[in-house]
Amino acid sequence: MFGRLSGDDGEASGRVEIRVDGRPVAARAGDSVAGALLAAGVRRFRRSPVTGAPRAPYCMMGICFECLVTIDGQPGRQACMIAVAPGMDVRTAEGDPDRD
Amino acid sequence: MTGGFDLVVIGGGIIGCAAAWGAASAGGRVAVVDGGDADDRASNGNFGLLWTQGKGVDAPPYAAWTRRSAHLWPEFAAALAEASGIDFGFEQKGGLHFVLSADEAARRMAALAPPGSARDDFAVEFLPAADLGRDIPGLGPEVFGATFCPRDGAVNPLRLLQALRGALARANVAVFQGRRADGIRATGGGFAVSVGERQLSGARLLLAAGLANRELGRGLGLELALFPQRGQLLVTERTPPFLPWPGTAVRQMPEGTVLLGSTQENVGFDKSVGVAGLAGIAQRALRLFPHLGGLALVRSWACLRVMTPDGLPIYEESPRFPGAFAAAAHSGITLAAVHARVLAPAILAGGLPADVASFAAGRFADWQPHDGGPEH
Ligand SMILES: Cc1cc2nc3c(=O)[nH]c(=O)nc-3n(C[C@H](O)[C@H](O)[C@H](O)COP(=O)(O)OP(=O)(O)OC[C@H]3O[C@@H](n4cnc5c(N)ncnc54)[C@H](O)[C@@H]3O)c2cc1C
């Protein structure tokens with residue numbers, strides 16, 4: 001559903017490897033964690049603690065808090081507001097995200 | 001002239017919208033003029049409680065007026081949800097005020113449920129922590145108990161406003177959003193309100209502009225003793241449900257966020273937030289629910305209460321210009337139902353309801369206008 005506008009896979013901006021639910025994911029330097037996850041096909045970031053419904057980023061600018069993930073062991077981080085860093089460990093609510 | 005309205009309402013916060021919808025529902029032709037986003041807007045930043053507990057302990061007419069609203073809320077909520085198609089989270093299954101010591105509990109119960117007070121559906125009872133703990137997981141060890149009133153409740157205040165605006169549109173109320181009333185003139189038998197280039201004419205006028213009522217009232221011979229009182233609030237990220245009833249300092253919204261509030265500060269027209277105020281709120285909340293300490297805070301904000309010297313509402317008709325009314329209250333959410341169902345039809349018919357006789361503006365004749373600075 002989401003793709004990068006250019007075919008650049010990080011050659012120009014620099015490639016950053018992170019781990020998402022244990023899998024290696026290639027991102028670009030400067031990506032937000034949310035952007036990198038969406039580009040990598042992650043669709044479910046968290047689940048509603050009330051209904052269990054799957055949730056994904058909505059605003060991508062720090063307002064809606066729909067994109068919360070666990071980053072380097074710290075839960076509840078805003079994936080859209082944090083830049084990827086080499087070796088970063090990201091956990092979604094899914095543990096095992098579906099890819100479509 | 002755009003005109004021939006039965007009622008022109010200045011201000012589209014909760015009081016103006018509730019009154020406008022009530023008047024339209026009663027058959028009136030109504031217009032609402034609602035200023036800009038930069039205005040002080042208590043209706044956009046409040047806690048959303050429908051609260052009777054402790055209201056009017058020393059002022060029986062206020063207790064009665066509040067209770068009348070609580071009685072009207074179920075019908076008002078159902079009609080508004082139907083008219084707007086918007087669910088604003090109305091609930092009225094009781095509310096809690098937590099206390100941390102036996103002393104605090106005794107003082108509160110002596111005030112709210114003195115011996116011999118009526119055992120009606122507004123009767124406040126004390127629930128000890130051991131009982132509360134059965135329904136509220138994570139209740140802190142410092143909590144001594146809570147006072148509980150079965151008639152208290154809550155709404156989502158932003159959705160309530162959205163619902164009213166939707167209902168106004170469907171009821172063909174003329175709403176001028178983002179427009180200020182720049183001038184009000186009595187025309188003999190009515191009023192002309194200028195909104196930019198436009199002139200609205202109305203047989204009756206209701207000032208419902210919150211804190212701005214003070215300024216607007218002067219031109220109509222109404223001295224309204226209103227001043228701002230700041231409240232700071234916090235909201236956490238969403239967490240699994242743990243608190244089935246709304247409370248005065250803490251309520252969990254249906255979506256799972258936890259609302260924490262609120263300070264009561266006399267700092268004039270200053271809507272800034274600060275660490276001191278917010279930390280105080282958070283510390284109190286952590287004593288009630290230690291597990292909240294693990295949650296991220298997603299937002300904080302401050303909002304100004306529309307306060308009067310005795311904390312009770314003001315309803316007044318201009319003696320100089322009959323037909324011009326003003327309404328101001330710092331419990332505008334709680335009172336929305338009675339404003340729509342009782343106040344508005346009465347104003348439309350040309351007078352204030354007898355219930356509000358003791359809330360006249362004249363009781364503050366000696367008041368020296370101030371902006372609620374720290375000296376007050
Ligand atoms: C922190 C806090 C918590 C609260 N919690 C609760 C609660 O739990 N329960 C409860 O019942 N109440 C609560 N309240 C009180 C409640 O929010 C207010 O009583 C209510 O919002 C007042 O509504 P209003 O319509 O009078 O004023 P406002 O919401 O301030 O609306 C006034 C409107 O008038 C407009 N206006 C101003 N000047 C002009 C002009 N010249 N022309 C046209 N329009 C104009 C403004 O744009 C604004 O929209 C709380 C308040 C605060 C601050």
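Round to a whole angstrom and tell me the spacing of the C-alpha centers of segment A:30-88 and segment B:197-269. That distance is 33 Å. For chain B, the normalised intensity computed at q = 0.08, 0.11, 0.12 Å⁻¹ comes to -0.41, -0.77, -0.91 (log10 of I(q)/I(0), Debye sum over alpha carbons, equal scatterers, no solvent). Relative intensity of the protein assembly as shown on a log10 scale, I(q)/I(0) at q = 0.06, 0.08, 0.12 Å⁻¹, equals -0.33, -0.57, -1.08, per a Debye sum over C-alpha point scatterers of equal strength in the absence of solvent. Only helical runs count toward this figure. For chain B, summing -39,500 (n - 2.57) over DSSP H runs of n ≥ 4 and dividing by all residues gives -8000 deg cm²/dmol at 222 nm. Going by accessible surface with a 1.4 Å probe and the largest first, B:GLU82, B:GLU142 read B:GLU82, B:GLU142. Estimated at the nearest 10 Å², the accessible area of B:LEU7 is 0 Å² with a 1.4 Å probe.
Amide hydrogen proximity for A:ARG15: with H placed 1.01 Å from N in the peptide plane, the residues at 5 or more positions away or on another chain lying under 5 Å are A:ALA29. Put simply, segment B:8-73 fits an ellipsoid with semi-axes of 25, 18, 9 Å; these come from the alpha carbon gyration tensor as the roots of five times its eigenvalues, largest first. Largest accessible area first, the listed residues B:PHE122, B:PHE269 line up as B:PHE269, B:PHE122 when surface is computed with a 1.4 Å probe on the assembled protein chains.
Rolled with a 1.4 Å probe across the full set of protein chains, the surface gives B:ILE281 an accessible area near 20 Å².
Quick check on segment B:164-300: take the gyration tensor over C-alpha atoms, sort the square-rooted eigenvalues as a ≥ b ≥ c, and tell me if it's rounded (a/c under 1.5), prolate or oblate. Judged from the Cα gyration tensor, segment B:164-300 comes out prolate (a/c at least 1.5, a/b above b/c). At q = 0.12 Å⁻¹, what is the base-10 log of I(q)/I(0) for chain A according to the Debye formula with one equal point scatterer per Cα and no solvent? Please give it to two decimals. So the normalised log intensities work out to -0.34. Add +1 for every Lys or Arg and -1 for every Asp or Glu among the other residues with Cβ under 13 Å from the Cβ of B:LEU352, and state the total. Surrounding charge for B:LEU352 is -2. Close amide H pairs (under 5 Å, H built 1.01 Å from N) link B:THR187 with B:ALA192, residues at least 5 positions away or on another chain. In order along segment B:54-65, the phi-based Karplus estimate (6.51 cos²θ - 1.76 cosθ + 1.60, θ = phi - 60°) of 3J(HN,Hα) comes to x, 7, x, 4, 9, 9, x, x, 6, 4, 5, 5 Hz; Gly and Pro are listed as x. Restricting the calculation to Cα atoms, every distinct pair contributes to the Kirkwood radius of segment B:47-155, found to be 15.1 Å. For the protein assembly as shown, the share of accessible area belonging to carbon and sulfur comes to 53 percent (1.4 Å probe, ligands and nucleic acids excluded). Once the 1.4 Å probe is applied to the protein heavy atoms, the protein assembly as shown comes out at 43 Å² accessible per residue.
Each residue was assigned an accessible area with a 1.4 Å probe, and for B:HIS291 the value is about 80 Å². Our compactness index for segment B:256-376, the C-alpha radius of gyration over the empirical 2.2 N^0.38 Å, is 1.40.
The listed residues B:LYS93, B:LYS55 rank as B:LYS93, B:LYS55 when sorted by accessible area, largest first, using a 1.4 Å probe.
Near the amide H of B:VAL9, within less than 5 Å, lie the amide hydrogens of B:ALA31, B:VAL32, B:VAL33, B:LEU206, all on another chain or at least 5 residues away, with H placed in the peptide plane.
Using a Gaussian network model of chain B in which every pair of alpha carbons under 10 angstrom is joined by a spring, one finds that among B:ARG29, B:ARG67, B:ARG284 the greatest mean-square fluctuation is at B:ARG284. Comparing B:ALA130, B:ALA329, B:ALA360 in a Gaussian network model of chain B where C-alpha atoms under 10 Å apart are linked, the largest mean-square fluctuation is found at B:ALA130. When only alpha carbons are used to place a centre, segment B:87-134 and segment B:328-376 end up 27 Å from one another.
The values are calculated or read from the model by the stated rules, or taken from the named source; none is laboratory data. A quick note: this is a predicted structure, and the numbers were derived from the prediction, not measured. Glycine gets a Cβ as well: all are built from the backbone with ideal geometry, and neighbour counts include every protein chain shown. The protein model used for the area step is the full one, side chains on, heavy atoms only, and it has no ligands, DNA or RNA in it. Shrake-Rupley method; radii C 1.70, N 1.55, O 1.52, S 1.80 Å.
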